[in-house]
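Below: one structure, written as structure tokens.
Where a number appears in this text, it was derived from the coordinates with a stated rule and is not lab data. As the structure is a computational prediction, the values presented were derived from the model and not from experiment. Glycine gets a Cβ as well: all are built from the backbone with ideal geometry, and neighbour counts include every protein chain shown.
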Amino acid sequence: MSFFDYHDGILHAEQVPLPEIADAVGTPAHVYSAGVLRHTAEGFTAALRHLQSARFAFAVKANPNTAVLRLLAKCGYGADIVSGGELRRALDAGMAPTEIVFSGVGKTDRELIDALDAGIGQFNLELEEEGRVLARLAQSRGVRAGAVLRVNPDIDGGTHAKISTGKRENKFGVAIAEAPDIFDRLASLDGLDLHGIALHIGSQLGDLGPLEAAYRRVGELVFELRARGHTITRVDLGGGLGIPYRAGDTMPSFADYAAMVSRVTEQWNTRLTFEPGRVIAGLAGVLMTRVIWVKPGVMYPFVIVDAAMNDLARPALYDAYHRFTAVAPNGETMVANIAGPVCETGDTFGMAQTIDRVGRGDLAVFHATGAYGAAMASSYNCRPLSPQVLVDGDTFTVVGDRILPTELAA
Ligand code: PLP
């Protein structure tokens, strides 16, 4: 189902023509579809709801926009957070504290205290020392912290090295072989209720094989911990499912994923938590931009657009591909390099790409920017943070203002 489609030759977000949004807020602008968010969020929970007391914690890092979080809260999602700022966003969006999971390899004492005071449901411990500090902080406040231990299963998720998190050389989790002894030591601490295990092996995973292998390792650990006398009631299976960025990309369906999870976890008898991010929000957004120049190049012309790496960092960070199409295509194509105005050679969105023919002043979009798009924006080169717009049917709302560098701290 596509909520970004051409009607009468003009690209629409749901029923709103994109030029209308450009007239209202200018460019560049992040445009989200409420319909896509609801469709994917509800599709994901529907596929997995039959599993024993499944919990859904949207990975806020993928899209921390408060309006987006509010919509997802209505679809039954809590939050997977990695900072005090994300805690605030999740609470502001009305997510129940008990449905908030705190991941992250470097939580400060301040962040741990704020999360304890908010009464969040689960801390995902990344190292033994963190468990000791959390237990002390909880005790000093007269509360108990619900927690799970994040393990690193040493599985290659087969994704880009910079978004791989489950190999032993990555910074995340404790080595799975050391987990039983660490669990023994942490489980005896006052102030901590250690309920189980968490894992997350990477993002933009296109193959369920590595995920299944990692889940199986965790399953073995669950039974080993029980054999040692621990009560294991929770496993947090992380996120990671990929989305099709290129036409023709195939990704596991929610049904395939759910079938694999059911098969692997059948005997676990634990509550399962899922932390999807990209797969919920990625296809729900486009970054709308305007062509400033078409500049002659040695091999191909440069289409210089008014969006840049500060609006969408993924191409510069990971050589990621985002499909680029004109808002009002004229039926012709061109081969071009697409670049932003930032003074970095790496501020390119694609080299030697066949795209709709565009010229100065034309509107265009980068597709599938709803996850890790605005979320990663910066004001580099003293550029503004671009506005964010949420479309729902035939109406749109500005859910994030353009923020000028003069409004940010000097
Ligand atoms: N959970 C954790 C611990 C993560 O680090 C991430 C992303 O890196 C996610 C969930 C969300 O991953 P994705 O957006 O690929 O679903």
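The HN-Hα couplings worked out from phi for the range 399-406 by the Karplus form 6.51 cos²θ - 1.76 cosθ + 1.60 (θ = phi - 60°) are 10, x, 6, 5, 10, 7, x, 5 Hz, whole numbers, x standing for Gly and Pro. Karplus-based coupling profile of the range 25-39, in residue order and whole Hz: 10, x, 10, x, 8, 8, 10, 10, 9, 4, x, 5, 4, 5, 4, with θ = phi - 60° in 6.51 cos²θ - 1.76 cosθ + 1.60 and x standing for Gly or Pro. In terms of Cα atoms, the Rg and Dmax of the range 104-274 work out to 16.5, 55 Å. Remark: the chain is approximated by an ellipsoid whose semi-axes, taken from the C-alpha gyration tensor as √(5λ), come to 40, 22, 20 Å, largest first.
A viscosity of 0.890 mPa s and a temperature of 25 °C, combined with the Kirkwood radius over C-alpha pairs in the Stokes-Einstein formula, give the range 171-237 a diffusion coefficient of 190 µm²/s.
From most to least packed by mean Cβ count within 10 Å, the peptides 91-97, 189-195 give 189-195, 91-97. Taking amide H as placed 1.01 Å from N in the peptide plane, Asp362 has its amide H under 5 Å from the amide H of Val291, each at least 5 places away in sequence or on another chain.
Start at zero, step by 5 Å, and the Cα-Cα distances of the range 104-164 spread as 4, 17, 27, 21, 11, 9, 9, 4, 1 percent across the bins. In this structure, Cys343 and Glu169 have a Cβ-Cβ separation that, at R0 = 35 Å, corresponds to a calculated FRET efficiency of about 0.55. Direction-averaged projected area, Cα convex hull, the range 255-338: 9.1 nm², rounded to one decimal. Ranked for footprinting exposure by Cβ neighbours inside 10 Å, fewest first, His12, His30 give His12, His30. Mind checking the full-extension length gain between Met299 and Arg185? Use 0.36 nm per residue of separation minus the Cα-Cα distance, one decimal, nm. Extra length from Met299 to Arg185 when fully extended: 34.8 nm.
Label sites at Arg271 and Tyr6, each approximated as a point 7 angstrom past Cα along Cα to Cβ, lie 4.9 nm apart. Please pull out the direction-averaged projected area of the range 324-410, using the convex hull of its alpha-carbon atoms, in nm² to one decimal place. Across all orientations, the range 324-410 yields a mean hull projection of 7.5 nm².
So how far, in whole Å, is the C-alpha centre of the range 104-122 from the one of the range 214-284? Computed from Cα coordinates, the inter-centre distance equals 24 Å.
For the range 33-147, count the residues as N, evaluate 2.2 N^0.38 Å, and divide the Cα radius of gyration by that value, please. Don't skip to the end; give the middle numbers.
Working: Rg = 14.7 Å, N = 115, 2.2 N^0.38 = 13.4 Å.
After normalising by residue count via 2.2 N^0.38 Å, the value is 1.10.
Kirkwood analysis of the range 218-296, using all unique Cα-Cα pairs, places the hydrodynamic radius at 16.1 Å. Each part reduced to its alpha carbon centroid, the range 62-103 and the range 126-200 end up 21 Å apart.
Estimated translational diffusion coefficient (Stokes-Einstein, Kirkwood radius over Cα pairs, 20 °C, 1.002 mPa s) of the range 136-211: 156 µm² per second. Taking label positions 7 Å along the Cα-Cβ direction at both Lys74 and Asp156, the computed distance is 4.5 nm, reported to one decimal. Residues whose amide H lies under 5 Å from that of Thr333, counting only those 5 or more places away or on a different chain, are Arg357; hydrogens are built 1.01 Å from N in the peptide plane. Here the 3J(HN,Hα) profile of the range 363-374, calculated from phi with Karplus coefficients 6.51, -1.76 and 1.60 at θ = phi - 60°, is 8, 8, 9, 9, 8, 6, 10, x, 10, 6, x, 4 Hz, Gly and Pro shown as x.
If you plug the beta carbon distance of Arg263 and Thr233 into 1/(1 + (r/R0)^6) with R0 = 25 Å, you get a FRET efficiency near 0.75. Using a Cα distance threshold of under 30 Å, what count of lysine pairs results for the chain when pairs must be 8 or more residues apart or interchain? Within the chain, the lysine pair count is 10.
Backbone amide hydrogens, once placed in the peptide plane, bring Ala145 within less than 5 Å of Leu192, Asp193, excluding anything fewer than 5 places away on its chain.
Per-residue ellipticity at 222 nm, computed for the chain from helices alone with -39500 (n - 2.57) per DSSP H run of at least four residues, works out to -8500 deg cm²/dmol.
Quick one: among Arg271, Arg185, Arg70, which has the greatest mean-square fluctuation in a GNM of the chain with alpha-carbon springs under 10 angstrom? The residue with the greatest mean-square fluctuation here is Arg185.
Computed about the Cα centre, the dipole magnitude for the chain is approximately 440 debye when only Lys and Arg (+1) and Asp and Glu (-1) carry charge, each at its Cβ.
Scaling the Cα radius of gyration of the range 51-119 by the globular reference 2.2 N^0.38 Å produces a ratio of 1.04.
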